[in-house]
Amino acid sequence: MSQFAGDDSARRGLVADLKRTIEELAEGPTSLDDLAMVNEAIDELHRALSLFVPYRARRKLTIFGSARTPEANPIYDLAAEVAAEVVAAGWMVVTGAGPGVMEAGSRGAGHAAALGVNIALPFEQGSNPYLDADKVTQMRYFFTRKVMLMRESHAFVCLPGGLGTLDETFELLTLLQTGKIAPAPLVLLEPEGGTFWEALDQFLVEHPIADGWISAPDRKMYRRCHSARAAAEVVLDFYANLAGLRFTEGVVELELRTPLTTDDQEALAARFGAVLVGGTLGVTEHEGGQQVRIEVANGHHAAAHELIEAISALGPSPHH
């Protein structure tokens, strides 16, 4: 998730740190290949940031899925439909810019609302025709690409796919579980009757959860859906009462459209006290409305996601 910009002195300090790091790298025992990798990664991130900065004011959904999904597959239709649903609510859609599910997402979003972060591959990956040239960037490295596909978006929909899709899905789950990105909706979407995500969900229950490698509440980080409308509702409902969300590791600050009442605050503290450092929400009233500060206790990031859903459910009618 993108962070709010700091003040001028903080910016100058970060720029100085960046220059010092580059100088130390250049003067250290690094090879030419090492320097080339760092240079290209920084350049890729720079170009991608330049793509996204003009659209920071709009919420974005990233859609993940296979480049090999044909147009005749119902999965293609689902990707296009969920993109169209969120764009109708004022969002933009981000994809990996390629064919298959990525093309469907761009197509459903329309040229004005579609952004792409492409990857250079020797096969199967060209920019799809539903992306304007000024709304797509290309990268060599998967790690820089994933940073931008995840950092700039406010919600995620994953459709069935291969190793790349599974890699992206598990990275998202890891980032959400460890609190490295802000709580955000993650939908595992497939057609009615599909078992792709059901099988993955069952695997998590029977192995990592049964063996104690992850906790049962971690399953609350994602929702399984079988229609574009249901997936879009999960995404939009999460933000129904959120005029703004600011995140630093371990702390989420929410600007609410509809303030929580005292009764609301007490009920939430009773239900989610174990999730919160100190057992309570930090609520501040100000002229522009109400801010809620959630300081997440260690290991409770999945439950923090559920808390934000509960706060939004107390607000205005969803799908604004």
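Scanning residues 5 or more positions from ILE214 or on other chains, those with amide H under 5 Å from its amide H are ILE209, with H placed 1.01 Å from N in the peptide plane. Each peptide among 134-140, 111-117 gets the average number of other Cβ atoms lying within 10 Å of its residues, and from highest to lowest they stand as 111-117, 134-140.
Computed extension gain for THR174 through ASP43, at 0.36 nm per residue and net of the alpha carbon distance, reaches 44.5 nm. For the chain, the number of Lys pairs with C-alpha atoms closer than 18 Å, counting only pairs eight or more positions apart or on separate chains, is 5.
Once both labels are positioned 7 Å from their Cα atoms along Cα-to-Cβ, the gap between THR280 and GLN265 label points is 0.8 nm.
The loop-placed GluC sites (Glu not before Pro) in the range 1-80, going by DSSP, that have at most 13 neighbouring Cβ atoms within 10 Å of their Cβ come out as GLU71. Phi angles of the range 249-255 translate, via the Karplus equation with coefficients 6.51, -1.76, 1.60 and θ = phi - 60°, into HN-Hα couplings of 3, x, 9, 10, 10, 10, 9 Hz per residue; Gly and Pro are given as x.
Scan (i) 1.66; (ii) 0.98; (iii) 1.07 for the value of Rg/Rh (Cα atoms, Kirkwood Rh) calculated from this model and give just the label. The listed entry that was calculated here is (ii). Each Lys and Arg Cβ is given +1 and each Asp and Glu Cβ -1; about its Cα centre, the chain then shows a dipole of about 440 debye. Mind jotting down the distance between the C-alpha centroids of the range 217-231 and the range 232-256, whole Å? Centre-to-centre (Cα) distance: 17 Å. Note on the chain: GNM, Cα springs under 10 Å; of ASP211, ASP77, ASP132, the largest mean-square fluctuation is that of ASP211.
Taking Cβ atoms as reference points and 15 Å as the exclusive limit, the residues near MET37 contribute a net charge of -3, counting Lys and Arg as +1 and Asp and Glu as -1. Here's how it looks for ASN118: its modeled amide H is under 5 Å from those of THR137, GLN138, MET139, which are all 5 or more places away or on a different chain. Helices assigned as whole DSSP H runs in the chain whose Cα atoms extend at least 20 Å along their own long axis and whose mean Kyte-Doolittle hydropathy is 1.6 or higher are not found.
Computed over the chain with a Gaussian network model linking Cα atoms closer than 10 Å, the most mobile of VAL234, VAL187, VAL277 is VAL277.
Entry note, the chain: the mean residue ellipticity at 222 nm calculated from DSSP H runs of n ≥ 4, each adding -39500 (n - 2.57), is -13500 deg cm²/dmol after division by the residues and rounding to the nearest 500. Among the chymotrypsin sites (Phe, Trp or Tyr not before Pro) in the range 69-139, those placed in a DSSP loop whose Cβ has at most 16 other Cβ atoms within 10 Å are PHE123.
The range 44-107 and the range 271-310 have Cα centres separated by 30 Å. Bridge orientation summary for the chain: considering DSSP beta bridges with both residues in this region, about 45 percent are antiparallel. Each of ALA303, GLY278, LEU260 was placed along the dipole of the range 242-313 (beta-carbon charges, centred on the mean Cα), and the one lying farthest toward the positive end is ALA303. Applying the criteria of a DSSP loop state and at most 15 other Cβ atoms within 10 Å to the GluC sites (Glu not before Pro) of the range 145-200 yields GLU192.
Rule-based calculations on the coordinates, nothing more; no lab input. Since the structure is predicted, the reported quantities are computational estimates derived from the model, not experimental observations. Every residue, glycine as well, gets a Cβ built from its backbone with ideal geometry; the counts of neighbours run over all protein chains shown.
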